[in-house]
Amino acid sequence: MLRKNPDTLKNKLLPLQTKLLVNPNDDTTQQLINLYTETAKHKEQLEESEVWMKNNLEYDLRSSEYIAEKCKVDSYAQNLYAALCNNDFMRNEMWPILKEETWGCSWRYAGGIIADILQRGDYLDWYCSGIMSEGTYVPGYVAESVVTDEIREDLFNLGWIVFDSDNSE
């Protein structure tokens, strides 16, 4: 089962719908509502395709009950988010390795993956969570791009390795 956050679209549409109640003739707001709705439909269709599922770390993470269970601990979820940031990953199989086929995502997208796994919140709950201002520290949290041993092992068990382009030759 591919885990999805049921509130993602609702969270985007609610402020726009409220704005539309105040000004029902606001065409720009209506166009934005239509855009978000159509984009969500397109994403849902895409996520059902075999092509999208193949060599896609997002699919493997969001469909893993083991990862979902571990993400219930905030520090693990944050560590997974941090690992997804500024890193590339490769399926630990012969052809993807020989062809150097990698998977990577933006910080915001990584936050959205965690929100989908948890089926709550949105990317902002995780975005920049590893950047600590002076004097602040959240126990168990790590900086973006850090891959903890636990995350590295769990990704390996899912069939993925962290791709280090410096050592690829």
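Quick note: the coordinates plus some simple rules give every number you see, no bench work behind them. These numbers come from a predicted model, not from an experiment. Ideal geometry is used to build each Cβ from the backbone, glycine not excepted, and the neighbour counts take in all protein chains shown.
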Relative contact order, percent, the range 1-93 [alpha-carbon distance under 8 Å, six or more residues apart]: 28
In order through the range 111-123: 3J(HN,Hα) via Karplus (6.51 cos²θ - 1.76 cosθ + 1.60), integer Hz, x for Gly, Pro: x, x, 4, 5, 4, 5, 4, 7, 6, 6, x, 8, 4
In sequence order, calculated HN-Hα J values of the range 85-98 (Karplus, 6.51, -1.76, 1.60; Hz; x Gly/Pro): 7, 6, 10, 10, 10, 9, 4, 7, 9, 4, 5, x, 5, 4
Mean projection area, nm², convex hull over Cα of the range 57-167: 7.1
Selection from M132, N86, L118 lying farthest towards where the dipole of the chain points positive, charges on Cβ: L118
Those trypsin sites (Lys or Arg not before Pro) in the range 97-148 that DSSP places in a loop and that have at most 15 other beta carbons within 10 Å: R120
Sequence-distant lysines (8 or more away, or on other chains) whose Cα lies within less than 25 Å of K4: K12, K41, K43, K54, K70, K72
Mean Cα-pair separation over length for the range 77-169, i.e. relative contact order, pairs under 8 Å, 6 or more apart, %: 40
Estimated dipole of the chain in Debye, rounded to 20 [Cβ of Lys and Arg +1, of Asp and Glu -1, Cα centre]: 660
Angle in degrees between helix 27-47 and the longest Cα principal axis of the chain, rounded to the nearest 10: 40
Theoretical ellipticity at 222 nm over the chain - DSSP helices of four or more residues, -39500 (n - 2.57) apiece, nearest 500: -15500 deg cm²/dmol
Cβ-Cβ FRET estimate between E69 and N92, R0 fixed at 22 Å, reported to 0.05: 0.50
Partners for K19 among lysines (Cα-Cα distance below 17 Å; same-chain residues under 8 apart left out): K10
